[in-house]
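The values are calculated or read from the model by the stated rules, or taken from the named source; none is laboratory data. Quick caveat, the model's predicted, so the values are computed rather than measured. Quick reminder, even Gly has a Cβ in these numbers, built from the backbone with ideal geometry, and neighbours come from all protein chains shown. In case anyone asks, the SASA skips ligands and DNA or RNA and just uses the protein heavy atoms, side chains included. Shrake-Rupley method; radii C 1.70, N 1.55, O 1.52, S 1.80 Å.
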Amino acid sequence: MNNFAYVRPNDIDSALNLMRTRPKARFLAGGTNLLDLWKMGVEQPQTIIDISRLGLRDIAPRPDGTGLRIGALARNSDVAEHSLVLSQYPVLSRALLSGASPQLRNAATVGGNLMQRTRCPYFYDPAFPSCNKRKPGSGCGALNGYNRTHAILGQSDLCIATNPSDMCVALAILDAQIRVISPDGERVIPIGEFHRLPGDHPELDTTLQPNELITAVDLPPMADTKHAVYLKVRDRSLYAFALVSVAAALTIENGSITGARIALGGVAHKPWREPEAEALIQGSPARPIFERAADRLLQGAHAYRYNQYKMTLARKSVIRALSAAAAST
């Protein structure tokens, strides 16, 4: 363990100032991801800024009275069990409850979940020398290695890692807005623009700037809460990351689908949505419509030696999730 400084500011301005002035500083919330990375040697911070005293835990309607605002330090378990989430955004609750274990959900925060890093073993273990995400320019060990859990959409030759979050897949179909603050003021980042595809810079997971802090997640009102599902396919029923996951929400009026939102997890560097696939789902709920949407959502997908199964698994999961959403009451 390297020597490091530990500070616990009492307000946001102090936390931002510390991040600006301290070299290799990291914010610490629940620590469920950072501490793992630190123990493995992937992260070696010189300053830990404990933000647990900043508040940011409220879960309440937005100031205009519509939708919901979730504080960045709200615990995953508290969000999943909150009455407003259960009644207005049940798909978010289901996604959160499918992730990790009860003990981890009691510690993990919403902001930390948004910043969660890939579980690619080539990234997580410095014993593997080739990882462009951990060490830019070193290569991608997974590209020709054991890539069973890796991406089939949006990847590049520099990185085929996936985003591990369940929560973010649900946030994608909820059109969440991420509120952040820096010394220059506040800004709002749509969830679809928050996570990056790897491209030429796989070391950058998000569009968050180094001097910014997540303060809250805003959710607009959800028109139809009944026809929304979260489906997670994994190797075991507990404490496993998704091989493929699907968040799907339909708006159904008089027996016809008038709107659809679909996001795939476990297949890309970010939750994967495709507006053209969603636009195909119109009219009466029917399997052929869902099949066409699944094919469009997976257009351009490319698998590797050990993850060919994801092509079929993702297609069938989308169809199954949409069918379940259409049948739910």
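Scanning the stretch 135-158 for residues that are assigned to a loop (DSSP other than H, G, I, E, B), open to solvent by 20 Å² or more (accessible area, probe 1.4 Å) and of a type in the set (A, V, I, L, M, F, W, C) returns Leu143, Leu158.
Residue under question is Leu86, and the condition is that it be without any contact (Cβ under 8 Å) to a residue 12 or more places away in the chain, assigned to a helix (DSSP H, G or I) and either farther than 30 Å from Met222 by Cβ or open to solvent by 10 Å² or more (accessible area, probe 1.4 Å) (or both); does it hold? For Leu86, the condition - without any contact (Cβ under 8 Å) to a residue 12 or more places away in the chain, assigned to a helix (DSSP H, G or I) and either farther than 30 Å from Met222 by Cβ or open to solvent by 10 Å² or more (accessible area, probe 1.4 Å) (or both) - is met.
Residues of the stretch 15-27 that are of a type outside the set (Phe, Trp, Tyr) and touching a residue at least 24 places away in the same chain (Cβ under 8 Å): Ala15, Leu16, Asn17, Leu18, Met19, Arg20, Arg22, Pro23, Ala25. If you go through the stretch 196-249 and keep only what is over 30 Å from Leu18 (Cβ atoms) and without any contact (Cβ under 8 Å) to a residue 24 or more places away in the chain, you end up with Arg234, Asp235, Arg236, Ser237, Ala240. Report, by residue number, each residue of the stretch 29-47 that is hydrophobic (A, V, I, L, M, F, W, C), under 18 Å from Leu208 (Cβ atoms) and buried (at least 19 other Cβ atoms within 10 Å of the Cβ). Result: Ala29, Leu34. Filtered by the rule that a residue be open to solvent by less than 70 Å² (accessible area, probe 1.4 Å) and not in a helix (DSSP H, G or I), the stretch 301-329 gives Ala301, Ala303, Tyr304, Asn307, Ser328. Only one of (1) part of a helix (DSSP H, G or I); (2) surrounded by fewer than 15 Cβ atoms within 10 Å (Cβ to Cβ) is not met by Leu96, so which one is it? Looking at each condition in turn, Leu96 falls short on (2).
Out of everything in the stretch 59-77 that is outside any helix (DSSP H, G or I) and without any contact (Cβ under 8 Å) to a residue 40 or more places away in the chain, what residue ends up being least open to solvent (accessible area, probe 1.4 Å)?
Of the residues in the stretch 59-77, the ones outside any helix (DSSP H, G or I) are 59-75.
If we keep only those that are without any contact (Cβ under 8 Å) to a residue 40 or more places away in the chain as well, we get 59-61, 63-65, 74.
On the way: Ile59: 26, Ala60: 38, Pro61: 73, Pro63: 113, Asp64: 105, Gly65: 57, Ala74: 3 Å².
Looking at the filtered set, the residue picked out is Ala74.
Thr251 meets each of the listed conditions (1) surrounded by 14 or more Cβ atoms within 10 Å (Cβ to Cβ); (2) part of a loop (DSSP other than H, G, I, E, B) apart from (2).
Tell me which residues, restricted to the stretch 183-208, are closer than 15 Å to Pro271 by Cβ and out of contact with any Phe, Trp or Tyr (no Cβ under 7 Å at 6 or more places or on another chain).
Across the stretch 183-208, the qualifying residues are Ile189, Pro190, Ile191, Gly192, Glu193, Phe194, His195, Arg196, Leu197, Pro198, Asp205.
Can you find even one residue in the stretch 260-271 that is more than 17 Å from Asp175 (Cβ to Cβ), surrounded by fewer than 20 Cβ atoms within 10 Å (Cβ to Cβ) and not β-branched (Val, Ile, Thr)? No. Taking the stretch 190-228 as the range and being crowded, with 16+ Cβ neighbours inside 10 Å, among the aliphatic types (A, V, I, L, M) and at pLDDT 95 or above as the test, the residues that pass are Ile191, Leu197, Leu208, Leu213, Ile214, Ala216, Val217, Leu219, Ala228.
Taking the criterion of being open to solvent by less than 40 Å² (accessible area, probe 1.4 Å) and free of Cβ contacts under 8 Å to residues at least 40 places away in the same chain, the residues of the stretch 175-189 that qualify are Val180, Gly185, Ile189.
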